[in-house]
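Structure first, then comments.
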Amino acid sequence: MKITGQFRDINNNIYTVEIDNPSVSAAGIVIGEHYNEGDDDLLYFTEEPITIDFEFDDLFSVIAMHSATINLYARDFVGNLLYANNARSVTVLIKKGNDVIFDGYVEAGTFNQEYSNPYDSFTINCVDKLSTLKYYKYKDITVNNFDNVVTGLGNVTLHDAINLAFADIIGGGHIYYDMSKGLTSTRENLVFDDIRISEQVFVGDDYDSVMDNEQMLTEILRYLNLHIIQIGSDFYIYDWDSIKKQNTQWVNLIDNEIHNTNPTKVVLNADTNASDGTN
């Protein structure tokens, strides 16, 4: 079941919100329209429909994460439609025009809504895809399959380890790397293929020692002095010095294609200091 809706900001930009809960077999709902024919059941955006926050402690943090909130009014309880029972059960996509500005999930187990008529406001907490890595162990190891997995461990490239972590969240996105590191000056785009590591490092001696995918990714990137951030549906692995350049070349770790970016300078002045409310 999908819940979709649109609104405009004070600059007339159109924002689109899409929430998909595939476990619910019900007709789709459009925010601002009736979802039960003949009834006055409605979902509305509040005066501040969405907020997107960037969470990055300092320059030494490895993984930069985003969170979002979607703020709605409802007459009736809609927790049966929006409750997420695991970290990746309910997807969220937010677009500005045609550009994806947030791609993630409803945060598991956080839905809270007052049950009162006629209408009450509530907030849907959302996290980006990087934020869900911590809920899944390396190779999806569980208590039950730990012994079987351990017997098959070997050496893997850093590329293989990253692909395992991102297999369920990459979707139609890409993993871009700024080619800032390399074992030689001609193999910067292949550093993740050129370095191998024993899987025992990620698994440890018992189930309690198994790294989750966030821990595993953090160890890899710290070793290379790199960072990662999700922009829209894409992931960027970078060194701080690279993003200061006039032109940065990125290699897509999925298909090895080269992607170029040019930084955009934003001048901070009175025009950029304005309200983003939708009243």
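Name the pairs: first residue in the range 171-183 and among the small types (Gly, Ala, Ser), second residue open to solvent by 40 Å² or more (accessible area, probe 1.4 Å), Cβ to Cβ under 8 Å, at least 6 apart or on different chains?
Close Cβ pairs (under 8 Å, with a partner that is open to solvent by 40 Å² or more (accessible area, probe 1.4 Å)) amount to 180/188; 180/241; 182/188; 182/189; 182/190; 182/194.
Counting just the residues of the range 163-179 that are touching a strand residue (DSSP E or B) at 6+ places or on another chain (Cβ under 7 Å) and not charged (D, E, K, R), which one comes out farthest from residue 230 (Cα to Cα)?
Going residue by residue through the range 163-179, those that are touching a strand residue (DSSP E or B) at 6+ places or on another chain (Cβ under 7 Å) are 166, 173-179.
Filter again for not charged (D, E, K, R), leaving 166, 173-177, 179.
Working: 166: 12, 173: 10, 174: 10, 175: 9, 176: 10, 177: 12, 179: 17 Å.
Among those residues, the one meeting the criterion is 179.
Restricted to the range 143-163, and to residues that are in contact (Cβ under 8 Å) with a residue 40 or more places away in the chain and open to solvent by 50 Å² or more (accessible area, probe 1.4 Å), which residue is farthest from residue 254 (Cα to Cα)?
Restricting to residues being in contact (Cβ under 8 Å) with a residue 40 or more places away in the chain and open to solvent by 50 Å² or more (accessible area, probe 1.4 Å), the top hit is 143.
Filter the range 242-279 down to residues that are among the acidic types (Asp, Glu) and surrounded by 10 or more Cβ atoms within 10 Å (Cβ to Cβ) and give me whichever is modelled with the lowest pLDDT. Outline the logic, then answer.
As a first pass, look at the range 242-279 and keep what is among the acidic types (Asp, Glu): 255, 257, 271, 276.
From what is left, the residues that are surrounded by 10 or more Cβ atoms within 10 Å (Cβ to Cβ) are 257, 276.
Values: 257: 89, 276: 60.
The qualifying residue modelled with the lowest pLDDT is 276.
Can you run down the residue pairs with Cβ atoms below 9 Å, 6 or more apart or on separate chains, where the first is in the range 216-228 and free of Cβ contacts under 8 Å to residues at least 60 places away in the same chain and the partner is assigned to a helix (DSSP H, G or I) and open to solvent by 10 Å² or more (accessible area, probe 1.4 Å)?
219/201
Quick check on my filter: what residues within the range 164-174 are on the phi < 0 side of the Ramachandran plot, open to solvent by 50 Å² or more (accessible area, probe 1.4 Å) and of a type outside the set (A, V, I, L, M, F, W, C)? Give the steps one after another, and end with the answer.
Step one: filter the range 164-174 for residues on the phi < 0 side of the Ramachandran plot, giving 164-170, 172-174.
Going one step further and asking which of them are open to solvent by 50 Å² or more (accessible area, probe 1.4 Å), we end up with 164, 167-168, 172, 174.
Matches in the range 164-174: 168, 172, 174.
Please specify each residue of the range 95-138 satisfying the condition of being of a type in the set (Ser, Thr, Tyr), within 13 Å of the chain's Cα centre (by Cα) and in a strand (DSSP E or B).
Selection gives 105 alone.
List, please: which pairs have Cβ atoms under 7 Å, are six or more places apart or on different chains, and start with a residue in the range 3-32 that is free of Cβ contacts under 8 Å to residues at least 40 places away in the same chain and under 15 Å from residue 72 (Cβ atoms) and end with one that is small (Gly, Ala, Ser) and open to solvent by 30 Å² or more (accessible area, probe 1.4 Å)?
Close Cβ pairs satisfying both conditions: 4/28.
Can you pull out the residues in the range 96-133 that are buried (at least 20 other Cβ atoms within 10 Å of the Cβ), of a type in the set (Asp, Glu) and without any contact (Cβ under 8 Å) to a residue 60 or more places away in the chain?
Scanning the range 96-133 gives a single hit, 107.
Provide a single number: the residues in the range 171-194 that are in contact with a Phe, Trp or Tyr (Cβ under 8 Å, 6 or more places away or on another chain) and part of a loop (DSSP other than H, G, I, E, B).
Counting residues in the range 171-194 that are in contact with a Phe, Trp or Tyr (Cβ under 8 Å, 6 or more places away or on another chain) and part of a loop (DSSP other than H, G, I, E, B) gives 5.
The values are calculated or read from the model by the stated rules, or taken from the named source; none is laboratory data. Since this is a predicted model, take the numbers as computed values, not measurements. FYI the Cβ positions are ideal-geometry reconstructions off the backbone, even for glycines, and counts take in every protein chain you see. Side chains included, ligands, DNA and RNA excluded: accessible areas come from the protein's heavy atoms. Shrake-Rupley method; radii C 1.70, N 1.55, O 1.52, S 1.80 Å.
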